Amino acid sequence: QVQLVESGGGLVQAGGSLRLSCAASGSIRSINVMGWYRQAPGKQRELVAIISTGGSTNYADSVKGRFTISRDNAKNTVYLQMNSLKPEDTAVYYCRVYRGPSSSWGQGTQVTVSS
């Protein structure tokens, strides 16, 4: 089992920035892809960004140019730097890590962007 602890959410005004962190522990051997998802009220959970062990990244079109995903393999931690935040970015953000065909989810952290 992989345990994930997220931090960094909060309330910010539109145009502001936040940085999310997700630290993995437990059965961390063979973790490959790490990523962030989000779920807004009344909507399905959606992919925000993912990053491979080697640093290859993929972003949702809605966040390209504003969000940056990164990881520290030595610390088993993935980050999401969110800039130029918009009210539509308001959601619960979840960390997800993959080990082969299986994955684990974090508990989620609330991000609220006021207009």
- Query: Once the piece of chain linking Q44 and S56 is laid out straight, how much longer is it, given 0.36 nm per residue of separation minus the C-alpha distance between them?
  - Reply: 1.8 nm
- Charge sum, other residues only, whose C-beta stays under 9 Å from V113's C-beta, Lys/Arg counted +1 and Asp/Glu -1: -1
- Choose one answer from R38, R19, R66: the residue with the largest mean-square fluctuation in a GNM of the chain with alpha-carbon springs under 10 Å. R66
- Mind checking which of P41, P87, P101 has the largest fluctuation in a GNM of the chain, springs on alpha carbons under 10 Å? P101
- For the chain, modelled as a Gaussian network with Cα springs under 10 Å, which listed residue fluctuates most, S70, S27, S103? S27
- Message: Testing the spin-label approximation: label points 7 Å from Cα along Cα→Cβ at T68 and S84. State their distance in nm.
- Response: 1.4 nm
- trypsin sites (Lys or Arg not before Pro) restricted to the range 75-108 and DSSP loop, no more than 15 other C-beta within 10 Å: K75
- Query: Under the definition of Cα pairs under 8 Å and six or more residues apart, what whole-number percent is the relative contact order of the range 10-113?
  - Reply: 36 percent
- Task: Subtracting the Cα-Cα distance from 0.36 nm times the residue separation, let me have the gained length for S27 to Q107 in nm, one decimal.
- Result: 27.1 nm
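Any read-out appearing in this document is the output of simple, stated calculations on the displayed coordinates, not a laboratory observation. Since the structure is predicted, the reported quantities are computational estimates derived from the model, not experimental observations. Backbone-built Cβ (ideal geometry, glycine too); neighbour counts: all protein chains shown.
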